[in-house]
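Inspection log for the structure reproduced underneath, given as structure tokens.
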Amino acid sequence: MATFISVPLKKSSEVDLVKPLSKFVTSTYPPGEEQTESLRAVEELNKLRKSALGRPLDKHESSLEILLRYYDQLCAIEPKLPFTELCLTFTWKDAFDKGSLFGGSVKLALASLGYEKTCVLFNVGALASQIASEQNLDNDEGLKTAAKFYQLASGAFAHIKDTVLSALNREPTMDISPETVGTLSQIMLSQAQEVFVLKATADKMKDAIVAKLANQAADYYSDAFKQCQYKENLPKYFYFQEVLPVLAAKHCMMQATAELHQSALAHQKKKFGEEIARLQHATELVKTATSRYDEYVNVKDLSDKISRALTAAKKDNDFIYHDRVPEVKDLEHIGKASLVKATAIQTPLSQKFTDLFEKMVPMAVQQSMSAANSRKADTVNRLIGSMREATNLCNGVLASLNLPAALEDLSGDAVPQSILEKSRAVVQQGGLQSIEQLIKDLPELLQRNREILDESLKMLDDEETTDNELRGKFNQRWNRTPSGDLYKPLRAEGNNFRNILDKAVQADQVVKERYTAHCEMIALLCKPENELSAAIPSANPTKTLQGSEVVNVLRAQLAQLDEVKREREVLEGEVKSVTFDMTAKFLTALAQDGAINEEALTTSELDTRYGSHTQRVQQNLRRQEELLSQIQVSHQEFSALKQSNSEANNREEVLKKLASAHDSYIEISCNIKEGTKFYNDLTEILLKFQNKCSDIVFARKTERDELLKELQQSIAREPSAPSFNIPSYQSNTPAPASGGPTPGPRSVFTQQQPQAKPQPPARPPLPNITPQAASTSAPVSTPVAPSSTNLPPVAPPSQAQGPPYSTYQGYPGYYQMPMAYNPYAYAQFNMPYMPYQAQGQAGYPGAPPAQQPYPYPQQPPQQQPYYPQQ
């Protein structure tokens, strides 16, 4: 391991950011320049992630710059896009776990942008540590760069320690746990302090300063060592097992360096005994580092320097000063001075960062805009609703008084002009057929919305059921967020849609009942004038009232009432046309306060925009109320003057119903059209809701498949049963099949008494002699004829020679002889032999001449070998 410690990078799986982000942009922003720029920014973000995480990174500042830009972009885009709804799943592997042959390394997949930010920041710290470790510490520039990047790495790990639990809302992998990153932060801070010690030494600063810096570095290394040693789960990582000796060695080295420079300070103060004591302590520290950690650090230069200083100090003290050497425990403690600090993580970290989504407002502003638009719609609807309600009230009062038809019907037989105008208005708007068609379409629109909502909720139900089944099967191993908890916002939204549909059904029923009540009179209004006149009863003429003062007053009051109604129509158009944009105010509030008080800002703006309109509407309503009171008084006088009879009453009743039918037709038609628009708009909203449900279910299925794969691999690594001993009979060699070659058994030898004189070695059996034939005890007196594939025997040479052991591999079908049994050591005996030469083999001893027979030691009887069979 290198003298300086660096951290390995985490590895991430590929994630497609384009599809879900583009889908959100197209559904949120209307087609135009803003949407095009946002889609282009999504493409650039995807390329930036691939550059930062999709390839190996060089240990260079340019690679770190890419990581910093990506981290800054994640921080900038987090408040602008609803990542919790997009269900983007990010998968990262544990940086320190090297995995196993079957299971692979530990990894975690989460649909959380905070998890992605945490892992990217971990890589920022890791790459910064690698870049710092690669610096040339022999020059000033390299020392400054190393110190800067070690402090950046320390700050990155410290930031993760403070934010990882809140960012993930679950247990993280061990490499990004608070204990691990806290230890890494301390290690990086220690190394940054050591770099300053090296720089102070190179700059030949005062010994007192260098001693304090080195003592602080030793203290930092001691803290890091303790954290590695005593924190739970850290030592199980091979990485930290390698780091421990380096930290211990660095602690000794920095402490020895501090003692060395403090001894020089003691020498300057003529405290020669203290100088020797400190140098002796430094020597002991260096010896400890050398004896235990020599393979990790190089302390030769420091050791030589301390040794020379100690030798000179002892010599001077022995011959000149004779100062008492104190105990180490009695020495004054060396001071500490820290020149390092973990770099604070404040975005932007990159100096070259430009927000790809600069024109996209944050989600807080978008939500505030949505709430502001809702408040604006409520204000507009309230004003318009009050005016329309006043108009309906006015029409109802006039219809009950049969005005203005009663003033127009003084002849008693012709159709009043107002009724004719109402009839033409109904016919122009389509009459009964248009309303009936609209009413017929409402159930189809309602059913379509119900089906979309039911299908969306069914997807959530099915996935939640599967998740619960797997959770019951794997219990605690199924460690992902329960679907029931994750789907709570979606289910609340779905219940809200269902309540809206139920209320819409009730409103539809009210409209249908009202249509049924006025259907007959609306049909009468749709008839031609002659049929309409025939359907209205005639009455005695009342022409004497045409010039009366009461009639003139009533007509004047009705004219004023018409003016009030026209003023309301103008007011309604003005209220609808008011537009304003709260984006700038919300952005300013967010930048200044860090939060948006949407209610206060929107209410203030609405009061400014609609204050005058509200006053004019209230004045208009009061004016109408006064006129209606006056008209009712005048109508009582008019009714008293009219000649009352049953025919006149019947005629007036029909005219009232016709006027009321016209008003009801207009209102019903308006209500049904609004209902149709409502259902069509709701369909688009429900389709977006369905897509949201589909996306999160798909993401959950992907996460489920990944987790199932990991669980299957972990189960495969587990032992299926405890270890047990194999029965002895299973270790025997099975009998060979009949008809095939029988392999020679491996010889088993018992210990024999040593003989004073070694016996001559036995000639090995020929290849075509079976073990059964070899078991006979009769000596062979004549050589066996060789097979057709072997060469004929050759006459024995004049002296014995050993076989070519380097090439001979044993007879076919026989095992090689053990080294303890070596019957072919011909070099010890001067005996002739017949070389036997097999195909592709040098000559080998054959049978001896017939006139010099000697007994052969026979091959041991066949028995079960003592070795286990494969």
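Structure summary
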quantity: Residue match in the range 271-285 (condition: aliphatic (A, V, I, L, M) and modelled with pLDDT under 85); calculated: no
quantity: Residue tally, condition within 30 Å of residue 621 (Cβ to Cβ) and not hydroxyl-bearing (Ser, Thr, Tyr), over the range 566-597; calculated: 14
quantity: Near pairs, Cβ below 8 angstrom, 6+ apart or cross-chain, from the range 676-699 (open to solvent by 60 Å² or more (accessible area, probe 1.4 Å)) to any residue that is small (Gly, Ala, Ser) and in a helix (DSSP H, G or I); calculated: 678/504; 688/27; 691/27
quantity: Test: residue in the range 106-115 that is modelled with pLDDT under 90 and polar (S, T, N, Q); calculated: yes
quantity: Identity of the residue in the range 16-34, in a loop (DSSP other than H, G, I, E, B) and not aliphatic (A, V, I, L, M), that ends up most open to solvent (accessible area, probe 1.4 Å); calculated: 31
quantity: Of all residues making up the range 1-60, the number that are of a type in the set (Lys, Arg) and closer than 22 Å to residue 694 by Cα; calculated: 2
quantity: Test for residue 470: is it hydrophobic (A, V, I, L, M, F, W, C), under 15 Å from residue 707 (Cβ atoms) and assigned by the TED database to the domain that holds residue 704; calculated: yes
quantity: Test: residue in the range 121-136 that is under 18 Å from the mean Cα position of the chain (by Cα), surrounded by fewer than 24 Cβ atoms within 10 Å (Cβ to Cβ) and within 23 Å of residue 86 (Cβ to Cβ); calculated: no
quantity: Residues (farther than 20 Å from residue 456 by Cα, among the charged types (D, E, K, R) and in a helix (DSSP H, G or I)) located in the range 660-718; calculated: 663, 667, 673, 674, 677, 705, 706, 709, 710, 717
quantity: From 603, 608, 544, residue being at pLDDT below 85 and hydroxyl-bearing (Ser, Thr, Tyr); calculated: 544
quantity: From 325, 397, 340, 365, residue being at pLDDT below 90, open to solvent by less than 60 Å² (accessible area, probe 1.4 Å) and not in a helix (DSSP H, G or I); calculated: 325
quantity: Candidate set: the range 436-461, residues that are in contact (Cβ under 8 Å) with a residue 24 or more places away in the chain and over 19 Å from residue 500 (Cβ atoms); chosen: the one nearest to the chain's Cα centre (by Cα); calculated: 459
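Listed here are the residues, each with its yes/no results for (1) in contact with a helix residue (DSSP H, G or I) (Cβ under 7 Å, 6 or more places away or on another chain); (2) surrounded by 15 or more Cβ atoms within 10 Å (Cβ to Cβ).
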position: 433; (1), (2): no, no
position: 438; (1), (2): yes, yes
position: 442; (1), (2): yes, yes
position: 447; (1), (2): no, no
position: 463; (1), (2): yes, yes
position: 471; (1), (2): no, yes
position: 483; (1), (2): yes, yes
position: 486; (1), (2): no, yes
position: 499; (1), (2): no, no
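The values are calculated or read from the model by the stated rules, or taken from the named source; none is laboratory data. As the structure is a prediction and not an experimental result, all values here were calculated from the model. Here Cβ is always computed from backbone atoms with ideal geometry, including for glycine, and neighbour counts include all displayed protein chains. Keep in mind that these areas ignore ligands, DNA and RNA; they rest on the heavy atoms of the full protein, side chains included. Shrake-Rupley method; radii C 1.70, N 1.55, O 1.52, S 1.80 Å.
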